[in-house]
Amino acid sequence: MKLVSIASGSSGNCVYIGTDTTSILVDAGISNKRIQQGLGEIGIKGEEVDGVVITHEHSDHIRGLGVLARKYQVPIYGTRETLEEIQGTAVLGRFPEGLFHEIQPDVPFVVGDMELLPFTIYHDAANPVAYRVRHGRQSVAVATDIGHYDAPIIERLQGLDAVLLESNHDVNMLETGPYPYYLKRRILSDYGHLSNENAGRLLNCILHDNMKQILLGHLSKENNYEALAYETVRLEIDQGECPYRASDFPIAVAGRDRMSEIIDL
């Protein structure tokens with residue numbers, strides 16, 4: 001099972017998860033050209049993608065979806081509300097018939113040899129979800145755009161082999177930065193984004209002996225930078241109440257404009 005971030009950030013998100021026989025994308029928020037370039041780097045062709053699972057309808061998660069769907073007839077999975085929003089987004093163009101597949105939070109579904117579990121997250125979108133993906137005994141998750149976390153989210157992130165977790169902003173940078181007041185309030189709200197500090201605190205709740213890789217993702221271009229997210233999360237782990245140190249786990253930051261390393265489980 002492989003996990004690769006093709007792009008992750010406030011300007012566009014697309015994550016590849018695959019096995020020897022099945023390939024999916026979590027979101028398609030960059031151009032189809034960039035998606036194909038990323039897939040090419042891991043030896044996958046566009047026509048080999050078995051599905052795109054959408055977290056929510058914001059443009060940084062669906063920007064390339066229309067072109068991708070029309071060119072390769074790729075099935076699209078999302079909650080009913082998310083799919084309705086996508087179909088009403090004129091800039092994406094028309095979608096071929098029969099590609100949309102409705103899913104429900106906390107109801108598993110299967111794509112190829114992978115079982116996917118969408119679960120509710122708190123974000124200012126129609127009905128957003130994150131995804132836990134299982135193949136055999138291996139499980140990974142992509143969890144971004146989380147205004148806050150609670151016990152059900154923590155439960156869904158237990159026992160993972162790898163996780164891509166949002167570490168969107170530094171609170172001080174956001175509060176003192178150039179964003180208008182309403183946007184700052186939105187990001188900091190319970191339906192906004194996870195700060196570096198809260199990403200570290202959430203990791204304290206889900207770390208375990210067999211966690212093999214942590215990717216920090218969805219960093220804000222204006223209110224964060226990679227070294228700050230990395231060091232803040234590590235500090236939260238080291239100062240937290242979990243029995244681990246940050247040095248016990250490989251931690252990396254998924255870039256906006258570059259591929260992450262291939263996490264091969």
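If we scan the range 209-216, do we find a residue that is over 18 Å from the mean Cα position of the chain (by Cα) and modelled with pLDDT of 95 or more? Yes, because at least one residue in the range 209-216 is over 18 Å from the mean Cα position of the chain (by Cα) and modelled with pLDDT of 95 or more. Residue check: residue 11 meets all listed conditions (1) crowded, with 19+ Cβ neighbours inside 10 Å; (2) closer than 17 Å to residue 143 by Cα but one, namely (1).
Candidates are the residues of the range 14-24 that are out of contact with any helix residue (DSSP H, G or I) (no Cβ under 7 Å at 6 or more places or on another chain) and closer than 19 Å to residue 82 by Cα; the one that is surrounded by the fewest Cβ atoms within 10 Å (Cβ to Cβ) is 24.
Considering (1) surrounded by fewer than 18 Cβ atoms within 10 Å (Cβ to Cβ); (2) more than 12 Å from residue 25 (Cα to Cα); (3) at pLDDT 95 or above; (4) of a type outside the set (Asp, Glu), the lone condition that residue 96 does not fulfil carries the number (3). Flag: residue 43 matches the condition of being of a type outside the set (S, T, N, Q) and out of contact with any helix residue (DSSP H, G or I) (no Cβ under 9 Å at 6 or more places or on another chain). There is at least one residue in the range 233-245 that is farther than 24 Å from residue 11 by Cβ, in a loop (DSSP other than H, G, I, E, B) and among the charged types (D, E, K, R). Only residues that are under 11 Å from residue 145 (Cα atoms) and more than 16 Å from the chain's Cα centre (by Cα) were counted across the range 192-208, and they come to 0.
Going through (1) more than 24 Å from residue 206 (Cβ to Cβ); (2) touching a helix residue (DSSP H, G or I) at 6+ places or on another chain (Cβ under 6 Å) one by one, residue 78 falls short only on (2).
Of 161, 145, 106, all but one fail to be of a type in the set (Asp, Glu) and at negative phi; the exception is 161. Inspect the range 226-248 for any residue being at pLDDT 95 or above, open to solvent by 50 Å² or more (accessible area, probe 1.4 Å) and among the hydrophobic types (A, V, I, L, M, F, W, C) and give the result as yes or no. Scanning the range 226-248, I find at least one residue that is at pLDDT 95 or above, open to solvent by 50 Å² or more (accessible area, probe 1.4 Å) and among the hydrophobic types (A, V, I, L, M, F, W, C), so the answer is yes. Of the numbered criteria (1) buried (at least 24 other Cβ atoms within 10 Å of the Cβ); (2) on the phi < 0 side of the Ramachandran plot, the one residue 27 fails is (2).
Applying a threshold of 9 Å to beta carbon distances and a minimum spacing of six or more residues, or different chains, the list of pairs starting in the range 130-142 at a residue that is more than 25 Å from residue 193 (Cα to Cα) and ending at one that is modelled with pLDDT under 95 reads 135/265; 138/265.
The values are calculated or read from the model by the stated rules, or taken from the named source; none is laboratory data. Just so you know, these numbers come straight off a predicted model, no measurement behind them. Glycine gets a Cβ as well: all are built from the backbone with ideal geometry, and neighbour counts include every protein chain shown. Areas reflect the complete protein model, heavy atoms only, side chains present, ligands, DNA and RNA absent. Shrake-Rupley method; radii C 1.70, N 1.55, O 1.52, S 1.80 Å.
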